[in-house]
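Engineer: Here you go, one structure.
The values are calculated or read from the model by the stated rules, or taken from the named source; none is laboratory data. Only a predicted model underlies this, so the values are computations on that prediction, with no experimental measurement involved. Neighbour counts run over all protein chains shown; Cβ positions are idealised from the backbone, glycine included.
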Amino acid sequence: MRINLQLNPTVLFLGLAVAHGTAWADLIVPAGGDNTLTTGYESLACTQLSVSGTLSLGSGSLVLVRNAAINAGGVVNGGSGLLEVNAGWSNSGTYNAGTSTLRFANACGVGSIQISGSTNFGNLTIDSGTGTLHIVLPPNTVQTVSGNLAFTGTGTAKDIYIDGGPCSGIQLAAGASVAGQDANVHLAPGVWVGSTPPAGCPGAPGNNGGSSGVAPVPATGGPALALLSALLAAFGGGALLRRHMRSRRARGD
């Protein structure tokens, strides 16, 4: 397989690696560079992606990326494409999600993905593959999902651990969904998944002791994970109901 990209002359390929008899390289988009993927499926064979210019996915898929870095001043336009990251995600620039999917995967033999910075994702899929995958979130940050959040895996292991804290969160924006669950998901203390941060965390509404719409993801497998979407909806609805009841009591209704 070869990398088939529409390249501006300022786009560089460095750090050759060999996979299946083919020469592969890191994909580096320097400041001022402008790189658009053609439609189709492109692989970096577990080498690096570094963006200081502009990278546009269009409707293409860029997979088997080991570490992806959007540097200061760098822009990634997700379009309707797919970007798969297998070891590290660092965002100090701009990620325009569009309707794209960012997939944190377990296909490069690393087993953990270190997240740096906060990102607004369109669709986010966390895929443990055939083993165990750790997602390490930085403290006091929020990763936001505006489309669909999915936890998936294959085989029998399918364990996903969301590590981090304090106040490390994956936030579901208004209209976001949770569907396609097929993995055992474990949240570390201080990690949350839900519609709003818990009390005491940045962005929490009011810190008044009421429910914040945060729902723990159950560490379970099989069909039971299909209930995750309903669980998150129930927690969010419960928070709204409690706030409504408090407002009525305050008015003397």
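Each row is one residue, and each column tells you yes or no for (1) aliphatic (A, V, I, L, M); (2) buried (at least 19 other Cβ atoms within 10 Å of the Cβ).
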| residue | (1), (2) |
| --- | --- |
| Leu57 | yes, yes |
| Asn67 | no, yes |
| Gly73 | no, no |
| Gly78 | no, yes |
| Val85 | yes, yes |
| Trp89 | no, yes |
| Asn106 | no, yes |
| Gly117 | no, no |
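Engineer: Now for a separate question. For region 8-30, check the following and say yes or no: at least one residue is at pLDDT 95 or above and outside any strand (DSSP E or B).
Structural biologist: Scanning region 8-30, I find at least one residue that is at pLDDT 95 or above and outside any strand (DSSP E or B), so the answer is yes.
Engineer: If you don't mind, another one. Given the residues Leu137, Leu225, which is the only one that is crowded, with 21+ Cβ neighbours inside 10 Å, modelled with pLDDT of 95 or more and out of contact with any His (no Cβ under 8 Å at 6 or more places or on another chain)?
Structural biologist: Leu137
Engineer: Exactly one of these conditions fails for Ala173: (1) farther than 15 Å from Val185 by Cβ; (2) surrounded by fewer than 18 Cβ atoms within 10 Å (Cβ to Cβ); (3) at pLDDT below 95. Give me its number.
Structural biologist: For Ala173, the failing item is (3).
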